[in-house]
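As structure tokens, the structure follows; a few thoughts come after it.
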Amino acid sequence: ARQAVQASLDRWGDEPLEVGEIMIFDNHAYAQLVERNTGVGALEVIVDPITLEVYPEMGPTMMWNVKYSPMGRYGGMMGGFRSPGEIESVEDMPVDEPEAVELAQRYLDEALPEAQADEHADPFYGYYTLHVLRGGEVVGMLSVNGFTGEVFPHTWHGQFIEMSGE
């Protein structure tokens, strides 16, 4: 998965981006592309396990990403209404990381009472992505909009298998 994502980055010519965290699920791999100079998430991508094709993950990376997704411009399809030029850093988002973790946990308390939000949220331009834990083990992911606080569960990943750090 890491080689497929790196090969895609090389083809795309996105030199300021590098491969971050990779998670393997039973139906595909998930990877974060992060900015080298800031460490902020740029895109979340999926790797097809058969073809090794790399494509943007559906959901927040397409809808809420105000810097790297064409659909995310002007706050994306699901709110915010900010111009990409207004977002110089993730600190420009009204929802900060601790609040994103709190909003994620509030959502999980209702939707999956046995689950916990990870205490760390990965920042992207317009949102945060967190691991969902059960008994201290990763079982999934969700994202929190950095402008509205809306929570979006990543329901398409399947069974979590393993994770590779940066």
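When the helix-only estimate is applied to the chain (DSSP H runs of n ≥ 4, each -39,500 (n - 2.57), divided by the residue count), what is the mean residue ellipticity at 222 nm, nearest 500 deg cm²/dmol?
Values: 3 runs with 30 residues, N = 166.
Helix-only estimate at 222 nm: -5500 deg cm²/dmol.
Would you mind working out the magnitude of the charge dipole of the chain relative to its Cα centre, with +1 at each Lys and Arg C-beta and -1 at each Asp and Glu C-beta, to the nearest 20 Debye?
Using Cβ point charges on Lys, Arg, Asp and Glu, the chain gives about 480 debye.
Identify which of Glu15, Glu53, Glu150 has the largest mean-square fluctuation in a Gaussian network model of the chain, with springs joining Cα atoms closer than 10 Å.
Of Glu15, Glu53, Glu150, the Gaussian network model singles out Glu15 as fluctuating most.
With label points built 7 Å along Cα→Cβ from the Cα atoms of Ser164 and Asp92, find their separation and express it in nm.
Using points 7 Å along Cα→Cβ, the separation is 3.3 nm.
Given a 1.4 angstrom probe, what's the average accessible area per residue across the chain, in square angstrom?
That works out to 49 Å² for each residue.
The values are calculated or read from the model by the stated rules, or taken from the named source; none is laboratory data. None of the values given here were measured: they were computed from a predicted structure. Note that each Cβ is placed from the backbone with ideal geometry, even for glycine, and that neighbours are counted across all protein chains shown. Quick note on the areas: whole protein, heavy atoms, side chains included, nothing else; ligands and nucleic acids left out. Shrake-Rupley method; radii C 1.70, N 1.55, O 1.52, S 1.80 Å.
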